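Asker: Please read through the structure below; I'll follow up with questions.
The values are calculated or read from the model by the stated rules, or taken from the named source; none is laboratory data. Please read these numbers as outputs of a predicted model, since none were measured by experiment. When we count neighbours, we look across all protein chains shown, and the Cβ atoms used for this are built from the backbone with ideal geometry, even at glycine. Accessible surface areas use protein heavy atoms only, side chains included; no ligands, DNA or RNA. Shrake-Rupley method; radii C 1.70, N 1.55, O 1.52, S 1.80 Å.
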Amino acid sequence: MIRLENSACTGCGTCAKVCPHGVLRMVDKRAVLAAEERCIECGACQLNCHDEAIFVTKGTGCLFVIVKEDILGMGAARAAM
């Protein structure tokens, strides 16, 4: 699960740059959750947020992506079908 504390965000944009699945994007110089359902709970955004505005509860998201893409061969192109 990912949570964004909007009041703490200073709009540096680092979270949007490091997110491997485009979960966060910048709107009006602030981070927003653009596609929360695509979060794999890797924690890259939280680790790189110097404002401590993002909190990720690591769960099974990373494992799900590994199984889906690497083991089952259902990469982004196939998953969209």
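Asker: Once you put a point 7 Å from the Cα of E5 and another 7 Å from the Cα of H50, both along the Cβ direction, what distance in nm separates them?
Answerer: My value for the distance between the label points is 1.8 nm.
Asker: Something else: Please work out how much accessible surface R30 shows to a 1.4 Å probe, ignoring ligands, DNA and RNA, in Å² rounded to 10.
Answerer: Accessible area of R30: about 100 Å².
Asker: What is the sum of charges, Lys and Arg at +1 and Asp and Glu at -1, for the other residues whose Cβ falls under 13 Å from the Cβ of A8?
Answerer: Charge balance in the 13 Å sphere: -1.
Asker: Residues with amide H under 5 Å of R25's amide H, sequence separation 5 or more or different chain, H placed in the peptide plane at 1.01 Å from N; which?
Answerer: V32, A34
Asker: Report the gain in length on full extension from R38 to K58: 0.36 nm times residue separation, minus Cα-Cα distance, nm rounded to one decimal.
Answerer: Extra length available between R38 and K58 comes to 5.8 nm.
Asker: Still on this structure, please answer the following. Against the globular-protein guess of 2.2 N^0.38 Å, express the Cα radius of gyration of the stretch 1-55 as a ratio, rounded to two decimals.
Answerer: 0.94
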